[in-house]
Structure formats: C-alpha cells, structure tokens
Amino acid sequence: MKAYKKIMQIVVRIENVVLALSMLLVLVLTFGNVIARKIFHHSWGFTEEITVAVFVLISMLAAGAAARNGELVQLSILQDAMGEKGKKVLHFLQMLVGVVYSLVLVYQGAGRMFTDGTYSPILHIAKSIFWAFIVVGGISLALHFVENFVEHNFREVTEEINEGEGEAA
C-alpha cells in the first residue's frame with residue numbers, strides 16, 4: 001500500500017504538470033488566435049484542432065483528479081440512508097463501476113488509436129494521437145478511483161503511512 005501511495009504521488013505530480021502545460025498551451029493559442037483575428041484579420045485555423053484535442057486531455061485528467069478526491073458528481077441519497085457497512089459496500093460498488101468504465105474507455109480508445117489511420121484536416125496530425133488522450137485519461141481515472149477507495153476504506157493504514165513519512169522527513 002505504501003508503494004502504491006508513492007507511485008500515485010508521482011502520477012499526480014506528472015498529471016498536474018501536464019494539466020498546467022495543457023492549459024497554458026490552450027491559453028496561448030486562443031489568445032494568439034484572437035490577436036491574429038483582430039489585428040491581422042486572419043484566423044489561425046490550426047488552433048481549433050489543437051485546442052479541442054488538448055481539452056479532451058484536460059477533461060480526462062481533471063476527471064481523474066476529481067475521482068481521486070471523491071469530488072465527482074454523485075447522488076448521495078442512498079449513501080445517506082445506509083449504515084457504515086452499507087456505505088462501505090456502496091463505495092466499493094462505486095469504485096468498481098468507475099474502474100470498469102475507465103477500462104472500457106482505455107479499451108475503446110486503444111482500439112480506435114490502433115485502427116484510425118486518418119489525419120486531422122489542417123495540421124495532418126494522426127488522429128491516433130488524439131485517441132491516446134482517451135487512453136491516458138482512462139488509466140488516470142482507474143488509478144484514482146482505486147486510490148480514493150483505498151484512502152477512504154483503509155484510512156487507518158494510510159494515516160500510519162503518512163505519519164511514517166512525516167517522521168522520516
């Protein structure tokens with residue numbers, strides 16, 4: 001469990017860097033396109049291709065971050081009516097459905113990534129690169145669903161791990 005927590009800390013750092021750089025890229029491209037349209041009266045056609053693809057990556061990684069913190073949209077009416085054991089079972093089922101959904105995304109994204117031989121219309125970038133964003137996002141979601149489940153249901157163990165890290169620092 002300690003190794004998984006360390007791996008997930010590294011994954012989260014990488015995801016945060018990718019999210020920040022992706023947002024910066026979208027910001028620069030969109031702002032540059034607005035300036036080009038207003039000053040030069042000419043739009044950058046390629047920005048739409050890139051920003052749509054990068055927004056898919058941003059959305060998927062942000063959903064993973066939300067799953068990690070248990071902040072995905074959910075209906076808590078059942079959970080509120082259950083006891084502690086029922087809540088744990090429901091949380092397990094939520095995690096299981098989330099992981100299965102994530103793995104379906106990975107499977108479908110990988111299938112399309114390997115079979116889609118088309119290219120984007122303006123930049124002529126292989127669309128398989130864009131499908132890879134779905135695969136990366138699905139993996140992120142699955143990892144974070146499991147991480148949230150472990151953190152939520154084995155809180156005592158994770159607190160001991162965190163205390164051990166604090167003493168080592």
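Any read-out appearing in this document is the output of simple, stated calculations on the displayed coordinates, not a laboratory observation. Being a predicted model, the structure only gives us computed values, none of them experimental. With ideal geometry, Cβ positions are generated from the backbone for all residues, glycine too; neighbour counts draw on all protein chains shown.
For this structure, a couple of remarks:
- M82, M95 arranged by Cβ crowding within 10 Å, fewest neighbours leading: M82, M95
- Listed residue (A36, V104, L57) projecting farthest to the positive dipole end of the chain, Cβ model: A36
- Using only side-chain charges placed at the Cβ, +1 for Lys and Arg and -1 for Asp and Glu, the dipole size of segment 2-168 relative to its Cα centre rounds to 520 debye.
- Kirkwood Rh and Cα Rg combined as Rg over Rh, evaluated for the chain: 1.09
- Where only DSSP H runs of four or more residues are counted, the chain gives -29000 deg cm²/dmol as its mean residue ellipticity at 222 nm, each run worth -39500 (n - 2.57).
- Average Cα contact separation per residue, segment 10-169, under 8 Å, 6 or more apart, as relative contact order %: 26
- Rounded to the nearest 0.05, the FRET efficiency derived from the C-beta distance between A126 and V104 at R0 = 22 Å is 0.45.
- Peptides 35-48, 107-120, 52-65 ordered by average Cβ neighbours within 10 Å, highest first: 52-65, 107-120, 35-48
- L19/R112 FRET efficiency (R0 30 Å; Cβ-Cβ; nearest 0.05): 0.80
- Each principal axis of the Cα atoms in segment 1-69 has its own extent, and those three values, largest first, are 57, 17, 15 angstrom.
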